[in-house]
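Working notes for the structure below.
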Amino acid sequence: MSLLSTPFDPARDTALVTGAGNGIGRAIAQALVGEGVRTVFADMSLERVNAAISASGRPELAVPWVGDLARSDACDALLAAAEALGKIKSPDSMKALAVALDDRDPAMQYAGVQSLKSITGHDYGPDVQAWKQVATGGSLPPYTPSVAERLRKVTPF
């Protein structure tokens with residue numbers, strides 16, 4: 001029997017699992033990506049999240065998120081990241097991502113950048129100022145595909 005016995009559309013739905021770095025949270029998150037569901041692996045430890053994702057059956061469907069959910073701004077950023085993964089471009093999710101980019105914690109900024117990459121399909125690298133422009137609806141800075149992106153388009157694998 002599949003883990004997903006109720007209607008769930010992995011093409012448009014996203015799972016969010018807290019405590020995904022170890023224990024039951026890790027097992028659930030790994031089972032979800034194994035079933036083909038895009039899943040946000042949320043935990044307080046980047047090392048645990050990365051290890052859980054690496055050990056999962058389909059790591060390409062996993063998105064790391066690191067933060068302390070005892071902080072309300074972290075909760076907002078996590079929800080925004082999950083929405084962005086589902087490509088929901090609501091003004092509220094964009095505002096929450098802008099808050100994540102303003103955070104002093106690099107992990108929060110990273111989560112915001114990863115979510116914005118998912119929404120826009122562009123990659124402005126680690127330039128938080130450029131991503132703030134994107135999140136606040138300002139004009140986008142000129143987009144230049146990275147060498148890796150250009151190579152991916154011409155290589156068959």
Can you tell me which residue within segment 109-134, out of those that are among the small types (Gly, Ala, Ser) and modelled with pLDDT under 80, is farthest from LEU46 (Cα to Cα)?
GLY121
Looking only at segment 44-55, decide whether some residue is in contact with a strand residue (DSSP E or B) (Cβ under 8 Å, 6 or more places away or on another chain), at pLDDT below 75 and not hydroxyl-bearing (Ser, Thr, Tyr).
no
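Conditions tested, residue by residue: (1) outside the structural domain of TYR110 (by TED's automatic domain parsing); (2) surrounded by fewer than 17 Cβ atoms within 10 Å (Cβ to Cβ); (3) closer than 27 Å to ALA98 by Cβ; (4) touching a Lys or Arg at 6+ places or on another chain (Cβ under 8 Å).
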site	(1), (2), (3), (4)
THR18	yes, no, yes, no
GLY23	yes, yes, no, no
ALA29	yes, no, yes, no
LEU32	yes, no, no, no
ARG38	yes, no, yes, no
ASP43	yes, no, yes, no
VAL49	yes, no, yes, no
GLY57	yes, yes, no, no
ALA77	no, no, yes, no
So, of the residues in segment 59-75 that are surrounded by fewer than 23 Cβ atoms within 10 Å (Cβ to Cβ) and in a helix (DSSP H, G or I), which turns out to be farthest from the chain's Cα centre (by Cα)?
SER72
Would you mind stating whether PRO106 is farther than 13 Å from VAL40 by Cβ and at pLDDT 75 or above?
yes
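The values are calculated or read from the model by the stated rules, or taken from the named source; none is laboratory data. Since this is a predicted model, take the numbers as computed values, not measurements. Cβ: placed from backbone, ideal geometry, glycine included. Neighbour counts: every protein chain shown.
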